[in-house]
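In what follows, a single structure is set out as structure tokens and then discussed.
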Amino acid sequence: MSLRILMVEDDNSVAEMMGMFFKKEGWQQDIAVDGVEAVDMFKENADKYDLITLDLNLPKKDGIQVAKEVRAISPTVPIIMLTARGSESDQVLGLGIGADEYVTKPFSPIALIARIKALHRRVMMEEDVQTQENNNQEYEIQTAHLKISKDRREVLFDDQLVVDLTPKEFDLLYTMAQKPKQVFSRDQLLDLVWGYEYYGEERTVDAHIKKLRQKLEKVGAKVIQTVWGVGYKFDDSQVKYQSLNPFVL
């Protein structure tokens, strides 16, 4: 596995330690020591990087703002947020603006390497499937209003394209839409979408559901429902058809 990582870290000792383990894996890294430099480096060549490790506490521009600007450039590049902050609100905030993983300092370098490998492996598998089946126009999931192609990572709501879904947001929607009206607990979604290698908290699901809803609702898709005290479900049975043709009722 050959990776090019953008490491955003202002602590020299942490950067050196991470760099040592990355080098051992045969990975290359570019280092940004503040938020402004990180955004500039990513803008210059976004396709260059396979993954970003992002410290939350940075000079000039904090990690939250960096993540927002990175997501505006690329909705899919994997981001692992590294921070000394351990509060639940900070984790929800970081994940809510597009980070895929959240690791609290101090952390085990070996565990971090395992998470990077698992995250990259999932992304590569998804890209391989999309490339191989790019000409397949079938949709694996078709409900009353929604069409989803896992091969092309494409979601249509009443023939309108839902854009800028992150890998986790797409996987959440795909998982729930496979079984309309079935209620999924947060633990179930963590297991089905993040997998057994994930060590985060249930609020991770809430943060991603919030962002997923915002993107769906841009095309009028209010299809993710909260079942209080239990979890979430997909249900579009009560949604009225929204035609793209203004003359069709």
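The values are calculated or read from the model by the stated rules, or taken from the named source; none is laboratory data. These figures come from a predicted structure and were not determined experimentally. Reconstructed Cβ throughout: ideal geometry from the backbone, glycine too, with neighbour counts over all protein chains shown. Side chains included, ligands, DNA and RNA excluded: accessible areas come from the protein's heavy atoms. Shrake-Rupley method; radii C 1.70, N 1.55, O 1.52, S 1.80 Å.
Pick out the one residue from N45, N12 that is within 25 Å of M125 (Cβ to Cβ) and among the polar types (S, T, N, Q).
On the way: N12 fails: within 25 Å of M125 (Cβ to Cβ).
Answer to the check: N45.
Surrounded by 13 or more Cβ atoms within 10 Å (Cβ to Cβ) and within 15 Å of I73 (Cβ to Cβ) - does that describe any residue in the stretch 17-26? Lay out the reasoning, then the answer.
Restricting attention to the stretch 17-26, the residues satisfying the condition of being surrounded by 13 or more Cβ atoms within 10 Å (Cβ to Cβ) are 17-19, 21-22, 25.
Next cut, within 15 Å of I73 (Cβ to Cβ) only: none.
No, that holds for no residue.
Which count do you get for residues in the stretch 193-218 that are open to solvent by 20 Å² or more (accessible area, probe 1.4 Å) and modelled with pLDDT of 90 or more?
To start, the set of residues in the stretch 193-218 that are open to solvent by 20 Å² or more (accessible area, probe 1.4 Å) comprises 195-203, 206, 210-211, 213-215, 217-218.
Subsequent filtering for residues that are modelled with pLDDT of 90 or more retains 206, 210-211, 213-215, 217-218.
Number satisfying all stated conditions: 8.
Would you confirm, using the coordinates I've provided, whether I31 is surrounded by 14 or more Cβ atoms within 10 Å (Cβ to Cβ), among the aliphatic types (A, V, I, L, M) and under 20 Å from T76 (Cβ atoms)?
Numbers: surrounded by 14 or more Cβ atoms within 10 Å (Cβ to Cβ): yes; among the aliphatic types (A, V, I, L, M): yes; under 20 Å from T76 (Cβ atoms): no.
For I31, the condition - surrounded by 14 or more Cβ atoms within 10 Å (Cβ to Cβ), among the aliphatic types (A, V, I, L, M) and under 20 Å from T76 (Cβ atoms) - is not met.
Contact list please: Cβ distance under 7 Å, first residue in the stretch 226-249 and polar (S, T, N, Q), second residue at pLDDT 95 or above, pairs at least six apart or on different chains.
Pairs found: T226/Y232.
Within the stretch 85-112, count every residue that is in a loop (DSSP other than H, G, I, E, B) and either of a type in the set (D, E, K, R) or modelled with pLDDT under 65 (or both).
The first filter runs over the stretch 85-112 and keeps only residues in a loop (DSSP other than H, G, I, E, B), leaving 85-87, 97-100, 105-108.
Adding the requirement that they be either of a type in the set (D, E, K, R) or modelled with pLDDT under 65 (or both) leaves 85-87, 100, 105.
Looking only at that region, the number is 5.
So which pairs qualify, if the first residue must be in the stretch 1-12 and in contact (Cβ under 8 Å) with a residue 12 or more places away in the chain, the second must be open to solvent by 10 Å² or more (accessible area, probe 1.4 Å) and among the basic types (K, R), the Cβ gap must be under 7 Å, and the two must be at least 6 apart or on different chains?
M1/K117; R4/K48
Does I209 fit the bill of being closer than 21 Å to P75 by Cβ, among the aliphatic types (A, V, I, L, M) and part of a strand (DSSP E or B)?
Values: closer than 21 Å to P75 by Cβ: yes; among the aliphatic types (A, V, I, L, M): yes; part of a strand (DSSP E or B): no.
In short, no.
Condition first: in contact with a Gly (Cβ under 7 Å, 6 or more places away or on another chain), surrounded by fewer than 22 Cβ atoms within 10 Å (Cβ to Cβ) and in a loop (DSSP other than H, G, I, E, B). Can you find one or more residues in the stretch 2-13 that meet it?
yes
Within the set of pairs 6 or more residues apart or between chains, which connect a residue that is of a type outside the set (S, T, Y) and surrounded by fewer than 16 Cβ atoms within 10 Å (Cβ to Cβ) inside the stretch 180-191 to a residue that is in a helix (DSSP H, G or I) and at pLDDT 95 or above with Cβ atoms less than 8 Å apart?
Close Cβ pairs (under 8 Å, with a partner that is in a helix (DSSP H, G or I) and at pLDDT 95 or above) amount to Q182/M176.
Pairs only if they're at least six apart or on different chains, beta carbon under 9 angstrom, first in the stretch 25-53 and at negative phi and of a type in the set (V, I, T), second assigned to a strand (DSSP E or B) and open to solvent by 30 Å² or more (accessible area, probe 1.4 Å); list them, first residue then second.
Hits for this filter: T53/Q29.
Suppose we keep only residues that are under 23 Å from R152 (Cβ atoms) and open to solvent by 50 Å² or more (accessible area, probe 1.4 Å) within the stretch 46-78. Which one would you say is nearest to the chain's Cα centre (by Cα)?
Among those that are under 23 Å from R152 (Cβ atoms) and open to solvent by 50 Å² or more (accessible area, probe 1.4 Å), it is T76.
When only residues in the stretch 134-156 that are at pLDDT below 90 and among the acidic types (D, E) count, which is surrounded by the most Cβ atoms within 10 Å (Cβ to Cβ)?
Looking at residues that are at pLDDT below 90 and among the acidic types (D, E), I get D151.
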